[in-house]
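Enquirer: First, the structure itself, so that you have it in front of you.
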Amino acid sequence: MQRIQLTENLSFSRIVHGLWRLSDWNMSNEEVLQLIEDCLEAGITTFDHADIYGNYTCEKLFGDALALKPELREKMEIVTKCGIKLVSDNRPDHGIKSYDTSKDHILASVDKSLENFRTDYIDVLLIHRPDPYMNPAEVAEAFKQLKEEGKVRHFGVSNFKRSQLKMLQSYLDFPLVTNQIELSAYQLENFEDGTLDLCQEERMAPMAWSPLAGGSIFSAENERAENLRSTLERIAGEIGADGIDEVLYAWLISHPAGIMPIVGSGKMNRIQSAIRALDLKLTREQWFDILQVSMGHEVA
C-alpha cells in the first residue's frame with residue numbers, strides 16, 4: 001500500500017477507510033473487528049471518524065470492536081473531527097444545529113472521543129466545518145493544550161476554503177497537516193476555487209470525501225452524468241479497470257496533490273476496488289478527457 005507522508009513523523013495509508021455509516025452496517029463487535037483487521041492486512045491503516053457520525057454513536061462502535069484486540073491501536077492512525085453540534089437525543093443540551101469551535105467544546109469533544117475509542121491519544125483532530133463564529137485564537141489555545149497533554153498528536157481541518165485555512169494557520173505555530181474536502185470527477189468545486197491549489201502550495205496532502213460522488217455518478221439521470229459514465233466506461237476498458245469506480249479512484253490518485261480517497265464502505269470487495277485503483281495508470285489525455293466531460297466543455 002502506498003503511503004503519504006504528512007509530516008516527518010506522520011504518514012497515512014493512501015486509501016483511508018471512512019466510518020461515517022458504521023452504525024448503518026448493523027455489525028457485531030466481532031464483525032467490525034474483522035473489517036478493521038481486513039483493512040490493516042490490505043495496508044489500510046488510516047481510519048476516518050467524526051464525533052457526530054451515526055448520531056454520535058460510530059466512534060464508540062469502533063472503540064468497542066477495537067477493545068476486543070487493543071494491540072491493533074498501535075498499527076493504525078485514528079482521525080476524528082469535532083465542531084458540528086447536531087440536535088440529538090444523545091446530546092439533549094443541543095437546541096439547534098450549530099457549529100462550536102470554542103476551546104471548551106473542542107476539549108470536551110476530544111475527551112469524549114478518547115473515551116469512545118478507548119485510547120489515550122488521537123492521531124489527527126480536524127475541525128469538521130468552517131465556523132462563521134470561530135475565534136481562531138481559542139482554537140489555537142485548544143490545539144496547543146491538547147498537543148501538550150499528548151491527547152492529540154496532529155491537527156487539520158475539513159471543508160475549509162483557502163482563506164479559512166490560511167486564517168486558522170496564521171494563529172498556530174505548528175502546521176495543519178491536512179484538509180479533508182469533497183473531491184471527485186463529478187464534484188469539481190474544490191478543483192476550481194483554489195482550495196486544492198492551496199493544499200499544494202502548503203505541501204498539504206488532502207483527504208477526499210465522497211470520491212464516488214456519494215454514488216450519484218452511478219444513478220443520476222442527466223446528460224452530464226450519462227456522458228461522464230460513458231467516458232469512464234470507455235477508459236475503464238482502455239486501462240483494464242474492473243469498473244468505473246476504480247477509474248474514479250484512479251483519477252484522484254493520479255493527481256499530483258497526493259489526494260487520499262476515503263472509502264466509506266463496510267464491504268471489503270468495494271474497499272478492494274479502491275486498492276486496485278492504485279495500480280491503474282491514466283494518461284494525461286485520459287485524465288483531461290474525464291475532466292472535460294464533467295465540465296461540459298474543453299479547458300480554456
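The values are calculated or read from the model by the stated rules, or taken from the named source; none is laboratory data. All values derive from a computational prediction rather than experimental measurement. Neighbour counts are summed over all protein chains in view; Cβ atoms, including those assigned to glycine, are modelled from backbone coordinates with ideal geometry. Just so you know, the surface numbers come from the protein's heavy atoms only, side chains and all, with ligands and any DNA or RNA stripped out. Shrake-Rupley method; radii C 1.70, N 1.55, O 1.52, S 1.80 Å.
Enquirer: Take the alpha carbon gyration tensor of region 204-300, find the square roots of its eigenvalues, order them as a ≥ b ≥ c, and report rounded if a/c is under 1.5; if not, report prolate when a/b exceeds b/c, else oblate.
Expert: Since a/c stays below 1.5, the shape of region 204-300 is classed as rounded.
Enquirer: Would you please classify the overall shape of region 44-155 from the alpha carbon gyration tensor, given that a ≥ b ≥ c denote the square roots of the eigenvalues, rounded means a/c under 1.5, and beyond that prolate means a/b larger than b/c while oblate covers the rest?
Expert: oblate
Enquirer: To continue, here is another question. Can you list the GluC sites (Glu not before Pro) in region 177-259 that are in a DSSP coil and have 12 or fewer other beta carbons within 10 angstrom? Could you put the intermediate results ahead of the total?
Expert: Numbers: sites: Glu182, Glu189, Glu192, Glu201, Glu202, Glu221, Glu223, Glu226, Glu233, Glu238, Glu246; in loops: Glu202, Glu221.
Those satisfying the criteria are Glu221.
Enquirer: (i) 25, 25, 19; (ii) 36, 24, 16; (iii) 31, 23, 18: which one is semi-axes √(5λ) of the Cα gyration tensor in Å as calculated from this entry?
Expert: This structure yields the entry labelled (iii).
Enquirer: Compute the accessible area per residue over region 62-219, keeping the other protein chains in place, probe 1.4 Å, unit Å².
Expert: Numbers: 6990 Å² over 158 residues.
Result: 44 Å² of accessible area for each residue.
Enquirer: Just grab the label-to-label distance for Glu141 and Asn269, each label 7 Å out from Cα along the Cβ direction, in nm (one decimal).
Expert: It works out to 5.4 nm between the two label points.
Enquirer: Quick one: Cα centre-to-centre distance for region 29-72 and region 171-197, in angstrom?
Expert: 26 Å
Enquirer: How large is the charge dipole for the chain, taken about the Cα centre, if only the Cβ atoms of Lys, Arg (+1) and Asp, Glu (-1) carry charge, to the nearest 20 debye?
Expert: Values: 31 positive and 47 negative charges, 48 e Å.
So the magnitude is around 240 debye.
Enquirer: What's the carbon and sulfur percent of the chain's accessible surface, probe 1.4 angstrom, rounded to a whole number? Present the calculation step by step, with values, prior to reporting the outcome.
Expert: Values: 6270 of 13690 Å².
Of all accessible area on the chain, carbon and sulfur atoms account for 46 percent.
Enquirer: State which entries of Lys60/Lys103; Lys81/Lys281; Lys144/Lys166; Lys75/Lys161 exceed 29 angstrom in Cα-Cα distance in the structure shown.
Expert: Listed pairs above 29 Å: Lys81/Lys281; Lys75/Lys161.
Enquirer: For a quick check of understanding: with a 1.4 angstrom probe and all protein chains in place, what accessible area in square angstrom does Lys144 have, to the nearest ten?
Expert: 110 Å²
Enquirer: Where does the chain land at 222 nm, in deg cm²/dmol rounded to the nearest 500, when only DSSP H runs of n ≥ 4 count, each adding -39500 (n - 2.57), divided by all residues?
Expert: On the way: 13 runs with 128 residues, N = 300.
The helix-only estimate for the chain comes to -12500 deg cm²/dmol at 222 nm.
Enquirer: Which length gain, in nm to one decimal place, applies between Met167 and Glu238 when the Cα-Cα distance is subtracted from 0.36 nm times their residue separation?
Expert: Numbers: separation 71, 0.36 × 71 = 25.56 nm, distance 4.38 nm.
In short, 21.2 nm is gained.
Enquirer: A follow-up question, please. Pick out, in residue order, every one of the trypsin sites (Lys or Arg not before Pro) in region 44-110 that is DSSP loop and has at most 15 other C-beta atoms within 10 Å; say none if there are none.
Expert: On the way: sites: Lys60, Arg73, Lys75, Lys81, Lys85, Lys97, Lys103; in loops: Lys97.
When the trypsin sites (Lys or Arg not before Pro) of region 44-110 are filtered for loop state and at most 15 Cβ neighbours within 10 Å, Lys97 remain.
Enquirer: In the chain, which whole DSSP H runs stretch at least 15 Å along their own axis (Cα) and average -0.5 or higher on the Kyte-Doolittle scale?
Expert: In the chain, the long hydrophobic H runs are 29-42, 103-117, 284-295.
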